[in-house]
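Reviewing the structure listed below.
The values are calculated or read from the model by the stated rules, or taken from the named source; none is laboratory data. Please read all numbers here as calculations on a predicted model, not as lab measurements. Note: ideal-geometry Cβ built from the backbone for every residue, glycine included; neighbour counts use all protein chains shown. Heads up: the accessible areas ignore ligands, DNA and RNA and are worked out on the full protein's heavy atoms, side chains in. Shrake-Rupley method; radii C 1.70, N 1.55, O 1.52, S 1.80 Å.
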Amino acid sequence: MANLLSKKIKQNILNFGPISVAEFMQQSLFDPEHGYYATKDPFGAEGDFITAPEISQIFGEVIAAYIIYYWQKIGKPKKFQIVELGPGRGSLMTDILRVSKTNSEFYAALSVTLIELSPKLRAVQRANLANFAVELTHYDNFTEVKEMPSFIVANEFFDALPVRQYQYNQGNWHERKIALDQHNKFMFKLEKNEDLIKFKTHNLAIKNGDIYEISYPALTLMQEIADFLVANNSASLIVDYGYMQPNFGDSLQAIKKHKFCDIFTDLGAADLTAHVDFAALAEIATAKVKLKVTLTTQREFFLNLGFKERSKFLQDKFTNKAAKLKQAEARILAKEQMGELFKVLLIEPL
């Protein structure tokens, strides 16, 4: 499978010339025949990576409690939807809905919308959420989501959106593209920046060789989400790994079986991601004067919402699982694990 995808991308380069890093990511992840998300179930211990909801149920429980609080805060609308972008196997939504059932009034008002391109993952999500008595709708794109008061959740979604890379060389910015060498192997190649530096470098000190990444799909999606929030009295929670301040660097990485690997190896069989520029996303939301934007670390956000207290309660109740619960807590909150690397962007109406 991976070899077929590699051949397909190489033929595209031979036919049309070097491709952007974004195009390489797009084809590697979403090619309908051989792409990673089209052909694999990458989640969990048997997959290539484990997300926070699969590490600890408390992650989803805390988010669920906040969603219910938000619904109450805006006056308990009779119709309310939770929108999740890239729901994986439905683990996070399972925990959210399990907690939601404890509030019968909220549960009666609730519907669920999932943004998912993969037919394989859609089937897994439907099966795993089948026991919940809520209306469940799938869409390909966020722009299809119905207009109503909502809470939008995106956990480890933005990191899979393709990035373009620009490199500073000899006093000018060039786009970093992917070409083929004389042995028909993938290589990076600098080309003149046809975009004429339409991006901001935020007064960062620039040195030769610096790489600047931009995810245009992420910026577009963030604008769509911000517009939706203002129009529908809605809120959004984005959790991902990335950086809070503008930064230079090549963050493109491939992961297979929970280990990093070469980005040009095993195309279609390894996940490709890049760190999320939270500063750029927050800037778009902040530009909407009717929105309140909070950007913090995963550790700080979940500590403030009682993650440790919930963990302690479960450890005391299920003493035979206490060690596992404590280990999961550390993985989510510890500074040297996910706690500082992962950031949380919360956006709400003022």
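Data table
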quantity	calculated
Accessible surface of the stretch 69-212, 1.4 Å probe, proportion on carbon and sulfur as whole %	48 percent
The stretch 67-157: Lys pairs at Cα distance under 24 angstrom, eight or more positions apart or on different chains	10
Gyration tensor verdict on the stretch 216-315 (Cα atoms; rounded if a/c is under 1.5, prolate if a/b is larger than b/c, oblate otherwise)	oblate
For the stretch 100-229, size of Cβ-based charge dipole, Lys and Arg +1, Asp and Glu -1, in debye	440 debye
Potential lengthening between I255 and Q11 on full extension [0.36 nm per residue; Cα-Cα distance subtracted]	85.4 nm
Accessible solvent surface per residue of the chain, calculated while the other protein chains remain in place, 1.4 angstrom probe, Å²	46 Å²
Normalised alpha carbon radius of gyration of the stretch 57-215 [divisor 2.2 N^0.38 Å]	1.45
Ellipticity estimate at 222 nm from DSSP helix runs (n ≥ 4, -39,500 (n - 2.57)) divided over the chain, nearest 500	-11000 deg cm²/dmol
Debye intensity ratio I(q)/I(0), log10, the chain, q values 0.11, 0.12, 0.13, 0.14 Å⁻¹ (C-alpha model)	-0.78, -0.92, -1.07, -1.23
Percent RCO, i.e. relative contact order, over the chain, from Cα pairs under 8 Å lying at least 6 residues apart	20 percent
